[in-house]
Every structure is written in structure tokens, then in C-alpha cells.
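Enquirer: Dropping a structure here in C-alpha cells format, bear with me for questions.
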Amino acid sequence: MNSLVKSLILPFLTEVDSLGEGKTVGLFGGGFQPPTKGHFEVVKKAIEKYNPNEFIIFVGTGGGRSDITQNQSLTIWDIYKNYLPDNVKIVASPNPISSIYRYAKEHPFEDIKWFLGSRQGNDQDFQDFYKRSKAADTRDNLEAINIITANDVSGTKARQVLTDKKALSNYLPTELSDTE
């Protein structure tokens, strides 16, 4: 929110802290069919670099791209969450991008960092970042940030090897135990 609007509104608010003034929130969203080590790496890098007070991962339905359900994706993120800070929340969403814009609108006093991931050298990922985030400029409190990862892991490739446990392990975070 711009400083003029804040300066006009803040004197009338008694519970400024409860509105998130000074709070930084990280947001990440997608279909995650399935959540891969690339998605996990985006979250870890974003948290390490920007240290948000809260981090929310919006997990979508995936739009029918695969047989992986939203509940399965949520379950996988719940496992990954064991290796992330306590301030990470996993939230089901019918449309993650809409949820991110709605969150920014409903929390005008929070500094919101919207993280998206691009694989190094993958031009399509960078084009997707531009298309998905171009409306972020319409919200004063929302900043789209592209987190670049060095791996070439994709949900599509992971779905192709779902039945091959050994091959699938290449698409999962190294932090996981064999049983996970």
C-alpha cells in the first residue's frame, strides 16, 4: 500500500499489528502433480533469502493434468513440511494464482512476496513467470520474485516415472528418508 494511503488510514486503526503492518509473507502456488524436489528447492531458497514471517503454499487441483489428486499433493507437501521451518502452511486451493491475488487484496498491510520457480536455461519457465506475474504490479503490497533452480526436474517428467521407485527418487528432495 502506498505511503500516502497508509498515513491517512493508520491513525484511525487501533490494531495495526493485527493487520500485518511490517509482516512479510511468502506465497507459492501450483498444481504440484506431484510436488518435486524442484518445487521444494524453490521454497527452501525463498525462505533462506527472504526470511518471511509466514510462508503459504497454495496447492491446486492440477486441472486434470494427471491422476495425482489434490489430496495426494497435499499429503506429499505435508511430508516435505517436516524439512521446512514451522512457519510454513500448506493450503488447498481451487486456483492457486487467484488465491495469491486474493490473499494480497485481503492483507493490504502485509509485504507479500510471491515466489515462482524457473529452471536455469529453460526459456519456457521464464516466459511463464512473466505471464503469470504481470498483474502483480497492480497490487502495492505484492512482489513477484523468480527463484532460479539449477535442476531440470519437472512434474511432467516425475509423472512419467511414477511406477519406477528408483527413477522417481531422482525427482524427490534428498532430505527424504527411504520410507518417505
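The values are calculated or read from the model by the stated rules, or taken from the named source; none is laboratory data. Just so it is clear, the structure is predicted and the values come from calculations on it, not from any experiment. Here Cβ is always computed from backbone atoms with ideal geometry, including for glycine, and neighbour counts include all displayed protein chains. All accessible areas refer to the heavy atoms of the entire protein, side chains included, with ligands and DNA or RNA removed. Shrake-Rupley method; radii C 1.70, N 1.55, O 1.52, S 1.80 Å.
Enquirer: Check whether at least one residue in the range 100-109 is modelled with pLDDT of 95 or more, open to solvent by 50 Å² or more (accessible area, probe 1.4 Å) and farther than 17 Å from ASN141 by Cα, and report yes or no.
Expert: No, the range 100-109 contains no residue that is modelled with pLDDT of 95 or more, open to solvent by 50 Å² or more (accessible area, probe 1.4 Å) and farther than 17 Å from ASN141 by Cα.
Enquirer: For ILE112, only one of the following conditions fails: (1) modelled with pLDDT of 95 or more; (2) closer than 18 Å to GLY38 by Cα; (3) open to solvent by less than 40 Å² (accessible area, probe 1.4 Å); (4) not acidic (Asp, Glu). What is its number?
Expert: Among (1) modelled with pLDDT of 95 or more; (2) closer than 18 Å to GLY38 by Cα; (3) open to solvent by less than 40 Å² (accessible area, probe 1.4 Å); (4) not acidic (Asp, Glu), the lone unmet condition for ILE112 is (2).
Enquirer: Taking the range 106-131, which residues are out of contact with any strand residue (DSSP E or B) (no Cβ under 6 Å at 6 or more places or on another chain) and either in a strand (DSSP E or B) or on the phi < 0 side of the Ramachandran plot (or both)?
Expert: Within the range 106-131, GLU106, HIS107, PRO108, PHE109, ASN122, ASP123, GLN124, GLN127, ASP128, TYR130, LYS131 qualify.
Enquirer: Just to check your reading of the model, which residue among ILE47, ILE112, ILE79, ILE100 is under 17 Å from ASN146 (Cβ atoms), among the β-branched types (Val, Ile, Thr) and out of contact with any helix residue (DSSP H, G or I) (no Cβ under 9 Å at 6 or more places or on another chain)?
Expert: Residue meeting the stated conditions: ILE47.
Enquirer: Follow-up. Can you list the strands (runs of 3 or more DSSP E) lying wholly within the range 19-95 that have 1 or more residues being under 21 Å from ARG119 (Cα atoms)?
Expert: The qualifying strands (runs of 3 or more DSSP E) are 24-30, 54-59.
Enquirer: Which one of ASN141, ASN82, ASN51 is open to solvent by less than 40 Å² (accessible area, probe 1.4 Å) and of a type in the set (S, T, N, Q)? Spell out how you get there, then give the answer.
Expert: Numbers: ASN82 fails: open to solvent by less than 40 Å² (accessible area, probe 1.4 Å); ASN51 fails: open to solvent by less than 40 Å² (accessible area, probe 1.4 Å).
From the options ASN141, ASN82, ASN51, the qualifying one is ASN141.
Enquirer: Could you pull out the residue among THR149, THR69 that is within 28 Å of THR174 (Cα to Cα), buried (at least 18 other Cβ atoms within 10 Å of the Cβ), at pLDDT below 95 and not aromatic (Phe, Trp, Tyr)?
Expert: The conditions single out THR149.
Enquirer: Given the conditions (1) surrounded by 16 or more Cβ atoms within 10 Å (Cβ to Cβ); (2) β-branched (Val, Ile, Thr); (3) modelled with pLDDT of 95 or more, report the number of the one that THR61 does not fulfil.
Expert: Going through (1) surrounded by 16 or more Cβ atoms within 10 Å (Cβ to Cβ); (2) β-branched (Val, Ile, Thr); (3) modelled with pLDDT of 95 or more one by one, THR61 breaks only (3).
Enquirer: Scan LYS23, LYS45, LYS6 and give me the residue that is modelled with pLDDT of 95 or more and open to solvent by 30 Å² or more (accessible area, probe 1.4 Å).
Expert: LYS45
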